[in-house]
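Engineer: Just dropping this structure here.
The values are calculated or read from the model by the stated rules, or taken from the named source; none is laboratory data. Quick caveat: nothing in here was measured; it's all calculated off a predicted structure. Cβ sites come from the backbone with ideal geometry, for glycine too, and all protein chains shown count toward neighbours. The accessibility values were calculated without ligands, DNA or RNA, using every heavy atom of the protein model including side chains. Shrake-Rupley method; radii C 1.70, N 1.55, O 1.52, S 1.80 Å.
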Amino acid sequence: MPTFRAGVDLGATKIQTVVVGPDHAVVGQARHATPTEGGPPAVTTAIAGAVEEAAGAAGVAVEELGGVGVGSPGAVDHDAGTVAEARNLPDWEEAFPLAAALADALDAPVRIDNDVQVAVLGELELGAGRPYSSFLGVWWGTGVGGGIVLDRKLWLGRGAAGEIGHTVVKRGGARCPCGRRGCLEAYAGRGAMEARARELVHRGRKTDLFELMEKRGRPRLTSGVWEAALHHHDKLAKELMARAVGALGVGIASAVNLLDVEAVVIGGGLGTRLGEPYVARIAEAMQPHLFVADRPPAMLPAALGDLGGAIGAALLVENSESL
Ligand SMILES: [Zn+2]
């Protein structure tokens, strides 16, 4: 097994990279802003730059890396090494051979996979999922993603398993960013929550959310903005968060009724930021909907934190070596 590997968490706003040693410990990291124009080639160049910087911070030459793993949004074909329909990235609709382009730029083998699946893999091998043979990962951020671990393996279905954000929590309910109605993400996704907040402000409701956003120089209601508003007891923020938690309770409890997993791990931007107290609130919201109510699953926050996606991505390299 190669000694050093790189992992990349490719997000809509940032590219987080790590270099890990043989024991998976992070020995170098770098965070770059995701380019907002220039399409896939610009993103490829930015990723390569961030990997080089992380390697430099680790005191490792890029040529010494055993490989680079990338967790990417959009439709990822891990065998072909392509990414399509990454709508939060600039001009990224058609399938682009990210693995090949990056391998070319860095002269190292590259493996790519879905960002949420990679983060859940990280929790399975190195984080909160270690003691369990089955768990459900719920990645609560801009959207609501998920990953299902059964018998210590990610269950991928035909490639699209784990989309808990698009399980229906209310028939004919709120419009989801996916275009359908009543999905969990329509209530709990940070993107949908922001859209709802804007709509309510337009109708005359008062909130500090957008003032806090501007004060922080953010273009969006980030997890940090939500946390600050909740901390100030902003009424609208608390209301929308209660609505999100209620929907998460219904959606996750339904998934648990179906799969009977041992644990639920809550990660993602909002999940990581709000942490333990919100994991407890979600557990409480699940309780009335659990069919086996006296045996709820263990509820845990993701253990790897902000670097979890990148650390999980680095595992893709090891996995490819062990095949
Ligand atoms: Zn949906």
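Engineer: Just to check your reading of the model, which residue among Gly309, Gly275, Gly224 is assigned to a helix (DSSP H, G or I) and surrounded by 17 or more Cβ atoms within 10 Å (Cβ to Cβ)?
Structural biologist: Matching residue, one of Gly309, Gly275, Gly224: Gly309.
Engineer: What are the pairs, 6+ residues apart or on separate chains, where a residue within segment 1-25 that is within 14 Å of Val60 (Cα to Cα) and of a type in the set (A, V, I, L, M, F, W, C) has its Cβ under 6 Å from a residue that is in a strand (DSSP E or B) and open to solvent by 40 Å² or more (accessible area, probe 1.4 Å)?
Structural biologist: Listed by first residue and then by second, the contacts come to Val18/Val26; Val18/Gln29; Val19/Phe4; Val19/Val27; Val20/Val26.
Engineer: Among the residues of segment 200-209, count how many are closer than 23 Å to Gly269 by Cα and either loosely packed, with under 14 Cβ neighbours inside 10 Å or under 20 Å from the mean Cα position of the chain (by Cα) (or both).
Structural biologist: Result for segment 200-209: 0.
Engineer: Kindly evaluate Ala197 against the criterion of being crowded, with 24+ Cβ neighbours inside 10 Å and in a helix (DSSP H, G or I).
Structural biologist: no
Engineer: Another question about this same structure. Among the numbered conditions (1) among the aliphatic types (A, V, I, L, M); (2) in a loop (DSSP other than H, G, I, E, B); (3) open to solvent by less than 10 Å² (accessible area, probe 1.4 Å), tell me where Val292 comes up short.
Structural biologist: The single condition Val292 does not satisfy is (3).
Engineer: Related question: Name every residue in segment 157-194 that is surrounded by fewer than 17 Cβ atoms within 10 Å (Cβ to Cβ) and out of contact with any Lys or Arg (no Cβ under 7 Å at 6 or more places or on another chain), in order of residue number.
Structural biologist: Gly157, Arg158, Gly159, Ala160, Ala161, Lys170, Arg171, Cys178, Gly179, Arg180
Residue by residue, here is whether (1) open to solvent by less than 50 Å² (accessible area, probe 1.4 Å); (2) basic (Lys, Arg); (3) more than 13 Å from Glu53 (Cβ to Cβ); (4) not in a strand (DSSP E or B) holds:
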site	(1), (2), (3), (4)
Arg5	yes, yes, yes, no
Val8	yes, no, no, no
Ile15	yes, no, no, no
Val18	yes, no, no, no
His24	yes, no, yes, yes
Gln29	no, no, no, no
Pro35	yes, no, yes, yes
Pro40	yes, no, yes, yes
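Engineer: Report, by residue number, each residue of segment 262-285 that is more than 19 Å from Gly143 (Cα to Cα), within 20 Å of the chain's Cα centre (by Cα) and touching a residue at least 40 places away in the same chain (Cβ under 8 Å).
Structural biologist: Once the filter is applied, which keeps residues that are more than 19 Å from Gly143 (Cα to Cα), within 20 Å of the chain's Cα centre (by Cα) and touching a residue at least 40 places away in the same chain (Cβ under 8 Å), segment 262-285 yields only Ala263.
Engineer: Which of the numbered conditions does Gly56 fail, given that it passes all the others? Conditions: (1) in contact with a Lys or Arg (Cβ under 9 Å, 6 or more places away or on another chain); (2) assigned to a helix (DSSP H, G or I).
Structural biologist: Going through (1) in contact with a Lys or Arg (Cβ under 9 Å, 6 or more places away or on another chain); (2) assigned to a helix (DSSP H, G or I) one by one, Gly56 breaks only (1).
The rows are residues; the columns are (1) farther than 16 Å from Pro40 by Cβ; (2) open to solvent by less than 40 Å² (accessible area, probe 1.4 Å).
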site: Leu65; (1), (2): yes, yes
site: Ala75; (1), (2): no, no
site: Glu85; (1), (2): no, no
site: Pro90; (1), (2): no, yes
site: Leu98; (1), (2): no, yes
site: Ala103; (1), (2): no, yes
site: Gln117; (1), (2): yes, yes
site: Gly122; (1), (2): yes, yes
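Engineer: If you don't mind, another one. When Lys238 is evaluated against the numbered criteria (1) over 21 Å from the mean Cα position of the chain (by Cα); (2) open to solvent by 70 Å² or more (accessible area, probe 1.4 Å); (3) away from the ligand (no atom under 13 Å from the Cβ); (4) over 16 Å from Arg273 (Cα atoms), which criterion, by number, is the only one it fails?
Structural biologist: Evaluating Lys238 over (1) over 21 Å from the mean Cα position of the chain (by Cα); (2) open to solvent by 70 Å² or more (accessible area, probe 1.4 Å); (3) away from the ligand (no atom under 13 Å from the Cβ); (4) over 16 Å from Arg273 (Cα atoms) leaves (4) as the failure.
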